[in-house]
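Q: Quick one: the structure is below, and I'll ask about it shortly.
Bear in mind these aren't lab numbers, they're just calculated from the coordinates by the rules spelled out. Please read all numbers here as calculations on a predicted model, not as lab measurements. Positions of Cβ are backbone-derived with ideal geometry, glycine not excepted, and every protein chain shown enters the neighbour counts.
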């Protein structure tokens, strides 16, 4: 999933949870569940981490996604429902953290993150490796619809 989609789901989880600690924990664990849904980025992921080619494409995708996620968070920050901002924030942090830790591992190869990286990609690739992925363009359209829907519910 895109970071933007994870952030939107994390924000909704945060609001529903009513507790910053639960928002973080449920956001964190939701990341793995949502990543199990085939979402079109297996080719980008494999090119980056396995085949080590076409890294520019994967990095560009991540940067664009990060910018959209930033806009989403800034949009939330300008809402009138400022009372729930702490809940949104911790839900978003929890839901985005797994991808940030994977990125940190890829860059640094810090040993204690190796197992986390393997667990992350176990979930990420669970159905994709068995049944195949969906085309990225359709997955992105679906995620835009999901983010727009979740935004309308906040």
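Q: Rank these for me by crowding, 125, 41, going from fewest to most other beta carbons within 10 Å.
A: By the 10 Å Cβ count, ascending, the order reads 125, 41.
Q: Using a 10 Å cut-off around each Cβ, can you sort 119, 13 from fewest to most neighbouring Cβ atoms?
A: 119, 13
Q: Sorting 146, 92, 64 on the 10 Å Cβ count, fewest up front, what's the list?
A: 64, 146, 92
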